[in-house]
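The values are calculated or read from the model by the stated rules, or taken from the named source; none is laboratory data. These numbers were taken from a predicted model, which means no experiment stands behind them. Positions of Cβ are backbone-derived with ideal geometry, glycine not excepted, and every protein chain shown enters the neighbour counts.
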Amino acid sequence: MDNSQIQQDFDRYDLKGQRRALLLRINHSGADSDLEIMKKLFNDYGVQFEPPVIDKTAEEMKRAVSDFRDSINGSKEDISCVFVVTTSHGNRDVIVGADNKRLLVKDIIEPFGDELCPKMKGKPKVFIIDACRGPRKDLGVPLDSAADTTTSEEDEKTRTYRSSRVPPCINDMLVAYSSMTDYVSLMSDLGSHMIVNIGEVFGSATEEEHVYDLLVKANAKMVMRSSSGDTTKKVVMTIESTLKRLLYLGRKTGTGTTNLERNHISGAAIITRSRMVTCLDEIPEPKRKDTCFLS
């Protein structure tokens, strides 16, 4: 093995072991599509996922996260990476359960820190949090508009909050949020903007693109794709990372029907990536009913 190969191996996380995932979903417009997009993505990349946790209370979701963590710690298998995906209503630093009670985002992330999840010490943990983080809406700014240097009261509150906040992102973690702090996240009946764009980007990815870059690409697509309604709204992902190496999922292990059948949940909500892209292209902007996750 030459020095370049040794350096490449050092720069990448070793993903020869199992890849495990947990899906948390609260029912909302497009939730079934979100679930199927992520299931297909995980099937394509050889990620084993638990039975999805659907429409549970905040306490039940918290317990599901702990049980998933415990199953990882207790596993005799080599587990190389973990994904936790949450699609729900929410607000600043919380998601909302089916009982309208709140679960802190840190209660989803912190259980996988080095002390509470020693099995995953030094290994990548990826969290996708798809929920509103506040009531504000980003209406965008025309490229040729003059800069507005005034600071609103809400802007000042957000700035103060950000400067005092201690992010829950711990060692070897990547956390992707569907919006900025204090802003809404958007969805349509075809799925949330974040999940749809992640599905499109990861669905066409090559084996030489690492996860962080793929999320940046998904964010770029999300920013460029306006929502419809009375006014044009934008959404921007926030990505926090303490990854120490590059995370490559590698070549996809399969596609389409065989993998979907293996982890099929009965129902008519399955939408393939190609069909999702077609649907988005076919729907006229005024008819795409975008709403937000705010609760």
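Details
- Any hit, segment 248-269, residues being basic (Lys, Arg) and modelled with pLDDT of 70 or more: no
- Among residues of segment 26-38, those that are β-branched (Val, Ile, Thr) and assigned to a helix (DSSP H, G or I), counted: 1
- Residue match in segment 73-94 (condition: among the β-branched types (Val, Ile, Thr), in contact with a His (Cβ under 9 Å, 6 or more places away or on another chain) and within 23 Å of residue 195 (Cα to Cα)): yes
- Test: residue in segment 39-46 that is among the aliphatic types (A, V, I, L, M), at negative phi and assigned to a loop (DSSP other than H, G, I, E, B): no
- Within segment 79-102, considering residues that are under 15 Å from the mean Cα position of the chain (by Cα) and hydroxyl-bearing (Ser, Thr, Tyr), the one nearest to residue 248 (Cα to Cα): 86
- The set of residues from segment 48-70 being free of Cβ contacts under 8 Å to residues at least 40 places away in the same chain, touching a strand residue (DSSP E or B) at 6+ places or on another chain (Cβ under 8 Å) and not in a strand (DSSP E or B) comprises 50, 60.
- Any pair with Cβ under 6 angstrom, 6 or more apart, that starts in segment 72-94 at a residue that is without any contact (Cβ under 8 Å) to a residue 40 or more places away in the chain and ends at one that is exposed (fewer than 15 other Cβ atoms within 10 Å of the Cβ) and aliphatic (A, V, I, L, M): 94/104
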